[in-house]
Structure formats: structure tokens, C-alpha cells
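The next block holds one structure in the form of C-alpha cells; read it before the comments.
The values are calculated or read from the model by the stated rules, or taken from the named source; none is laboratory data. All values reported here derive from a predicted model rather than from experimental measurement. Here the Cβ positions follow ideal geometry from the backbone for every residue, glycine too, while neighbour counts run over all protein chains shown. The area values use the complete protein model at the heavy-atom level, side chains included, leaving out ligands, DNA and RNA. Shrake-Rupley method; radii C 1.70, N 1.55, O 1.52, S 1.80 Å.
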Amino acid sequence: MIEIPLATIVLVVLIGLAILTVAKGIRTVPQGEVWSVERFGAFTRLLQPGLNLIIPFVDRIGRRLNVQEVVLDIPEQDVITRDNATVRTDGIVYYRVMDPAKAAYAVQNLAQALTALSMTNIRAVVGEMDLDATLSGRDRINSSLLSILDGATDPWGVKVSRVEIRKIEPPENLIRAMNLQMTAERERRAAVARAEGEKQALVLQAEGRRDSAIRDAEARERLAQAEANATRMVAEAAAGAGADALRYFIAEKYVRAFEAMAGNPSSRLVVVPMESSALAGGIAQAMELLRAPGPGGAPPVAASPPSFPPGTGGSPWNRG
């Protein structure tokens, strides 16, 4: 049996103790974390990311804290609104450790404390709102929760940067009732809009008829004014030229009217609703007016009416 010298054993023990001492005194902290150092159970300092040295067998690592922004899920829970409607809500909280010493020793379990605080304040905020305001007021709920949680977690050295409500879900029977109410409201709005459209159409039609009547009246008034002006002009011309000019004007109208009646190719019989002899006399007088006065300025002599063959009724337009 080989005997190991005592000195060798002591040397090996010392080397092992030295290695253990070095291992206990050197700590490497990863990026994004901060470690606390406790000496005989009391907090002394913080270890920043990188290589750090501590006193072996005297100092020890207390808490390992993540100083990055952390996302914390808020569990789903039933919340009663102010109008006694039950909704299921959940959400998420974004927070960051700003003071690692407070976060390590001011609260026992930071994540659990934030979760309980968030759930309690969600019930408080939603409980002050009606169902309709809860469903449409997510921004208001988020702002209220952010203000409350940020103030409550300040003694813990935590900064809450954002709070989001992910789900606000009423029960199934309430959803069906809301759908029926929404359908009825839309039908009511459609009926009101249709009635308003019909009313507007009737108003526009009435206004159109009124404008048309006004324009017709204006047109008749202008036509009457034109006829009055024409009559006045004829009267003035008759007053200046005498009754002969007026008879000429009337005879010209007679001639044109009978020309139009006689020129109708669809009729072979022209019915004259007046005495032909009077018409012929008017034409003869009109022709005499067109003649120039004779020598010595004598006025023209009215010609006798032309004679027509018997059986013609005294008119050249009565033909078979």
C-alpha cells in the first residue's frame, strides 16, 4: 500500500479550497439582469451586468431581477358593471423595474402582486361604468388602469408603461339581446330615413308645381302684355291711317286663313263659317286700298264685289 504524504494531502486541499474560493468570489451577470448581494442576510449592493467580484463565504447572491420591460398576463375574470351586467375581461400589463433594490425587498413577489393589483382595479374601474360604456370605452379603461397601477407600484420601484384590456365579452343571452336591439334600431333608422326621403320628395314636387305655376302665370302675363302691345300698335296705326287700313289688315288675315284651309291636301271640301259675300267685299276693298290715287289726288273708288257663278254660294273656295 502506497502511503500519500501528509503535505501532499494538505496541498491538494488548499488548491481545492482556493479554486472554490475563486469560484465563490466571481459572478458573471447577464445583460438585462441585476443581482442583489447579501452579506450575512442583509442587502449590501447590486451587481450590474458583466464580471463582478464578491467576498467568498461572506457575500451571497440574493435576488436576480430582470430590468427589461416585462409583459404580464392578467387572468380572465367575471366583472359586474354598474347596470348589473356580467362581462368576462382579461388584459396585459407592461412594466419595467426601475429600482432593483425596492423591487427585490419592498414586495415579496412582484409578478403576483402586480397581477392581484391589476385584477382588483379592473373590477373597480369596470364596476363604475355601464355595459355600453364598457364595451365602447376601452381607451378610458386603459387610461384609468394605467394611472392607478403606475401610482400604486411606484413604492416598489416599478414603472407601469402600458395597460391593455384584451377582451370584454358579455354572456351569450346578453349578446343575443344586444343583437336584437341593434337590428331593431337599424330598422327604425331605415324607416325614419325612408319617411324623410318621401317627405323631401313630396316637398320638392310641391315646390316644382309651384314654380311651374308661377312660370306659367308669368308666361301668360307676358303673352297678355304682348297682345296688349300689339293691339295698341294696331289701334295707333288705325288712328293714323283711318278705317281703310284696319279693313286691309282684317282682309289680309282672312286671306291667309282661307289659304291655309284651302291648301290642306287631305280635304276636298272647305267649309266657310261666314258669309262669302262679306269676305269677297273685304278683299275687294283691300285691293282698292293698294291702288295708287288717280290724277288730281282723287281717292280710290271702291270696286264692286266680284260675281261668282250660281250654285257656288258666292265663294270661289266652295268646290266639290
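Using only alpha-carbon positions, what ratio does the radius of gyration of the stretch 71-130 give when scaled by 2.2 N^0.38 Å?
Scaled against compact globular proteins, the figure is 1.34.
For residue 139 and residue 22, compute 0.36 nm times the residue count separating them, minus their Cα-Cα distance, and round to one decimal in nm.
That works out to 36.7 nm of additional length.
Can you give the direction-averaged projected area of the convex hull of the alpha-carbon atoms in the stretch 148-244, in nm²?
Value for the stretch 148-244: 16.7 nm².
So which aspartates and glutamates can residue 253 reach, going by Cα to Cα under 20 Å and dropping same-chain residues fewer than 8 places off?
Straight-distance partners of residue 253: 227, 236, 244, 275, 288.
Just to verify a number: what accessible area does residue 210 come out at with the full protein assembly present, 1.4 Å probe, Å² rounded to tens?
Only protein atoms counted, so the area is about 130 Å².
Go through 128, 3 and list them by solvent-accessible area, largest first, probe radius 1.4 Å.
3, 128
For the stretch 158-197, what is the charge dipole size about the Cα centre, in debye to the nearest 20, if Lys and Arg each add +1 at the Cβ and Asp and Glu each add -1 at the Cβ?
Dipole about the Cα centre, nearest 20: 220 debye.
So for the pair residue 225, residue 175, with labels modelled 7 Å out along Cα→Cβ, what separation do we get in nm?
7.4 nm
When you count, for each residue, the other Cβ atoms within 10 Å and take the mean per peptide, how do 112-125, 67-80 rank with the highest first?
Highest mean packing first, the order is 112-125, 67-80.
For the stretch 57-199, rounded, prolate or oblate, judged on the Cα gyration tensor with a ≥ b ≥ c (square roots of eigenvalues), a/c < 1.5 rounded, else prolate if a/b > b/c?
Note, shape of the stretch 57-199 comes out prolate.
Using the Cβ atoms and a cut-off under 10 Å, what net charge is assigned to the surroundings of residue 96, where Lys and Arg are +1 and Asp and Glu are -1?
0
Run the reach check for residue 159 against aspartates and glutamates, Cα to Cα strictly under 13 Å, same-chain hits fewer than 8 apart removed. What comes back?
Residue 159 reaches 69, 99, 150.
What list of ³J(HN,Hα) couplings, whole Hz, do you get for the stretch 62-74 from phi and the Karplus terms 6.51, -1.76, 1.60, once you set θ to phi - 60° and write x for glycine and proline?
After applying 6.51 cos²θ - 1.76 cosθ + 1.60, I find x, 10, 9, 10, 8, 9, 7, 6, 10, 9, 10, 7, 9 Hz.
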